[in-house]
Amino acid sequence: MDTTPESFLDLFPLEAIVYLTPDSENVLEDIHPDKVYVLGGLVDESIHKQLTLQRAREQQLRTARLPIREYMVKAPNARNYHSETLAINQVFDVLSTYYETRSWPAALRAGVSSGKGYVLPDTAGQ
């Protein structure tokens, strides 16, 4: 892994960047080696709806979200809590596992904790 103080906007062409945000209307269906995936994270205790999407739109970046709704179901829970917002390390785990397995169910199982209120259909009753 390389780190730099430079902005990703200065390092990569805009058409190569895909900004990942849970608020995107576009579903990430596959990972392409010619794209640069930006994990749009906030270091904050509260969730600011649409903020990462707004930031991506300001930069005219393509956006996508993980296919949580497409592969997972809402699990019943006492708080009726369901969130598609993940921590950066969880998104990284999902992407890494998907890259290795090419399986969204396996990837989402690896990165989406049950505390988010979503489970794979085969584990919904457990």
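Listing for the model above:
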quantity	calculated
Tilt relative to the chain, helix 88-101 - C-alpha long axis, 0 to 90 degrees, to 10	90 degrees
Accessible area, probe 1.4 Å, largest first, for residues Asp34, Asp93	Asp34, Asp93
Probe 1.4 Å, accessible area per residue of the chain, Å²	64 Å²
With 5 Å bins from 0: P(r) over the chain, alpha-carbon pairs, percent	2, 10, 19, 23, 21, 14, 7, 3, 2, 0
Within the accessible area of the chain (1.4 Å probe), percent carbon and sulfur	50 percent
Choice from Lys49, Lys116, Lys74 showing the highest fluctuation, given a GNM over the chain with Cα pairs closer than 10 Å	Lys49
Amide H within-cut-off set for Tyr19, under 5 Å, with H built and near neighbours excluded	Val38, Arg62, Thr63, Ala64
Label point distance in nm, Gln60-Val27, each placed 7 Å from Cα along Cα→Cβ	2.9 nm
Share antiparallel - DSSP beta bridges, the chain, percent rounded to 5	20 percent
Shape category assigned to segment 58-126 from the gyration tensor of Cα positions, a/c cut at 1.5	oblate
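The values are calculated or read from the model by the stated rules, or taken from the named source; none is laboratory data. Everything numeric here is computed off the predicted structure, so don't read it as measured data. For neighbour counting, all protein chains shown are included, and Cβ atoms are generated from backbone atoms with ideal geometry for every residue, glycine included. Protein only, heavy atoms only, side chains kept; ligands, DNA and RNA dropped before computing areas. Shrake-Rupley method; radii C 1.70, N 1.55, O 1.52, S 1.80 Å.
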